1. Taking region 152-203, which residues are closer than 30 Å to GLY220 by Cβ and either out of contact with any helix residue (DSSP H, G or I) (no Cβ under 9 Å at 6 or more places or on another chain) or not assigned by TED's automatic domain parsing to the domain that holds PRO106 (or both)?
2. Hey, does region 126-136 have a residue that's surrounded by 19 or more Cβ atoms within 10 Å (Cβ to Cβ) and within 22 Å of the chain's Cα centre (by Cα)?
3. From (1) in a helix (DSSP H, G or I); (2) assigned by TED's automatic domain parsing to the domain that holds GLU328; (3) small (Gly, Ala, Ser); (4) in contact (Cβ under 8 Å) with a residue 24 or more places away in the chain, pick out the condition that doesn't hold for ALA238.
4. Among (1) under 17 Å from ILE112 (Cβ atoms); (2) of a type outside the set (A, V, I, L, M, F, W, C); (3) in the same structural domain as MET351 (by TED's automatic domain parsing), which single condition is GLU128 missing?
5. Give region 190-229 a look and list any residue that's β-branched (Val, Ile, Thr) and outside any helix (DSSP H, G or I), or say none.
6. Taking the residues in region 170-223 that are farther than 19 Å from GLU158 by Cβ and under 28 Å from the mean Cα position of the chain (by Cα) as candidates, determine which candidate is modelled with the highest pLDDT.
Amino acid sequence: MLTALLALSLLQNPAPAATIAERIQRYSLDSGALQRAYGVRGSPRGEERMARFLDEQRAALRGIELATLSQEEQLDLVQFERLLERESLRRARELSRAEEVRIWLPFRAALIGLCEDRSRKPAQAAGELDRLRRAIATAREQTRQNKPRASLAARASELVEALRSDLEEWKGWRASYDPEFDWWCAEPLSAVLKELGEYRRELKEDIAGLKGGDDEPVVGDPILRDALIEELQAAAIAYTPEELLEIAEREYAWCLERMLDASRRMGCGDDWKAALEKVKQDHVEPGEQPGLIIELAREAEEYLETNQLVTIPPLAKEVWRMEMMSKERQLVSPFFTGGEVISISFPTADMTYEQKLMSLRGNNRHFARATVHHELIPGHHLEAFQTQRHFPHRRVFATPFYWEGWALWWELFLWERGFQKTPENEVGMLFWRMHRCVRIQFSLSFHLGKLTPAECVDLLVDKVGHERRNAQAEVRRSFNGSYGPLYQIAYLVGGLQFRELYRELVSETKQYSVREFHDTILSGGSMPIEFVRFRLKRQAPSRDFKPAWRFYPLR
C-alpha cells in the first residue's frame, strides 16, 4: 500500500529533473503539451500561459552555479537560457506581425474567444456566430476597397486559414451528438466557415496572386534589418547583414576565378556559361538517375573510408534509401533533398516538354556528383544518424548553420582534397558554391527590403546560370514560409565556420586528426557552431554569452 501511494505521489508530483539534459527534455515535453492544450493560434490565454511557463523555466535555472557543472552541462545551461529568451522574442514577433494585419481581420479576437470558450450555450453561440458572419462579410467588403499589399494579404490569409481550422475543431467538439447544438448552430456555423473560406481565397488568390501552378508569383514577406540582427544573434553569428553580404561577394569572386579556369580547360575560353551549358547537357537518360545516385554515393563512402576522414557506422550505409520527387514538389525543390531518404529530382512523365528539359539539365551528372555526398554521407544522412544517437536533447538548439553548414563544409573540404576529377566536375561543384554565395546575396537583400522576388530570380539566372524555372522554384522555396529568414545563408556561412574551426584545430595546432575532428563534432549533438568550437577547445561559454567569434577576416 505504501509503495502504491509513493508511486501515485511521484506521478502527481514528478521528481525535479536532476541534470540540465533532463531539464531540457522536460521543457520540450511540457512546452509541447502546453501548445497543444492552448492550440488556438493567437489566443491571449495561450500567450499568457506560455509567457508564464517560459518565466518559470528561466527562474528555475537562476539558482544553478555554472562553475559547479561539467563542460557539457555548462554548454547545455547557457544554450538553454538562450533558447528560452529566443522563444520569448519569437512569440513577441509573431504577435507583432499579426497586429500588422489586424485592420483586415477585425473579427479575429471574437472568433478566437468563441473557439476557446466551449462552455457557451448553443443559443448564445449561434448568436455569436451570426455576428461573426456579418463581421467577416463587412471585412471582406472593406478589404476590396482597401487592399493590402501582396505580402500582407498572404500573411492575413494564413491567419484566416488558422481561424477556419480552429473553428472546425470547435465544431467537432459538439456537432452531431448534441441535438441542441445542431439545431442552433448548424446553419450559422456553416455560413461562417463559408465566409472564412471565401475570404481566405480572396486574400490569397485575388490579392496576393497565389493561385498555384507553374506560373504562381513568388510573394515574400521581408522581416527587415532589426529582425535580421535579432535572428543572427540567436544563431550565434557575430556579423551584420552587410558584413555577410561582403563575405558572399568575396567568396563569389573566388568561385568565378576558378570557374573561368575550368572553362578554359574545357575549351570554352572565358565564356563560363558555355562551359556550364556543356555540363548541363551531360545527364543520364530517363529512368537511369537512381543508378547514378547509388554509384555516386558509394564512391563518396569509399573515398571517405579509404582516406580515414570520418567514421561511418555500417548501419548508416545500410539504411539510406531513395524516393523520386513528384512534379508538384519540384516546383519548390528543383534539386535533391536528403537525409535518411534522398529525394531525387528528375523529370516525370506528366511534365511538359520544357519542364522535362529543365529538370534534366538541372540534375545532370556533374551537379549530382556535388550534391549526393551533401545529402547522404558524409552530409545530412550521416549527421542526422549521429545526432540522433549523441546528446539527442540538443536537437532543440539546432540551427541551419549547423545542419546545412556541416554538409556544405564537406563540399569545401573535398574540393581542397581534389575530389573533383575533371574540369566538368569542377564546374558542377563550383555551380553549387556560386549558388550558395548568391543565396546569401538574394535572401539578405530581400529581407533588407532591397530586392524583390523577381530580382532575386534574375540574380540566380545571371550570376549562377540557373534555369529560370529552377531559379523561380528556389526563390519560391526561400520565401513561401517553409524556411526561416536565415536558412539560405546558413549553407555557406556554416561551412565557412567549420572551415575556420578545421584550420584552428587540425591544420595549425594539430589538436585533432582529420577523423577525430569530424567524429568529435558528430558526437556532440547539434548546436550553434560557436558552441561546437567551445566544446572542441574544451572551453565553456560565459553565462552572459554574446556571439563574438569572427571566423572570416574582413579587414
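1. If the condition is that a residue be closer than 30 Å to GLY220 by Cβ and either out of contact with any helix residue (DSSP H, G or I) (no Cβ under 9 Å at 6 or more places or on another chain) or not assigned by TED's automatic domain parsing to the domain that holds PRO106 (or both), then ALA162, SER165 are the ones that fit.
2. no
3. Condition (1) is where ALA238 drops out.
4. With (1) under 17 Å from ILE112 (Cβ atoms); (2) of a type outside the set (A, V, I, L, M, F, W, C); (3) in the same structural domain as MET351 (by TED's automatic domain parsing) applied to GLU128, the lone miss is (3).
5. Those that are β-branched (Val, Ile, Thr) and outside any helix (DSSP H, G or I): VAL218, VAL219, ILE223.
6. ASP215
Residues checked against (1) surrounded by fewer than 23 Cβ atoms within 10 Å (Cβ to Cβ); (2) β-branched (Val, Ile, Thr); (3) outside any helix (DSSP H, G or I):
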residue: ILE440; (1), (2), (3): no, yes, no
residue: GLY449; (1), (2), (3): yes, no, yes
residue: CYS456; (1), (2), (3): no, no, no
residue: LYS463; (1), (2), (3): yes, no, no
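Yes/no matrix, rows are residues, columns are (1) hydrophobic (A, V, I, L, M, F, W, C); (2) at pLDDT 95 or above; (3) surrounded by fewer than 23 Cβ atoms within 10 Å (Cβ to Cβ):
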{"site": "ALA407", "(1), (2), (3)": "yes, yes, no"}
{"site": "TRP410", "(1), (2), (3)": "yes, yes, no"}
{"site": "GLU416", "(1), (2), (3)": "no, yes, yes"}
{"site": "GLN420", "(1), (2), (3)": "no, no, yes"}
{"site": "GLU424", "(1), (2), (3)": "no, yes, yes"}
{"site": "ARG433", "(1), (2), (3)": "no, yes, no"}
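The values are calculated or read from the model by the stated rules, or taken from the named source; none is laboratory data. Keep in mind the model is a prediction, meaning the values are calculated, not measured. Cβ coordinates were reconstructed from backbone atoms using ideal geometry, including for glycine residues, and neighbour counts include every protein chain displayed.
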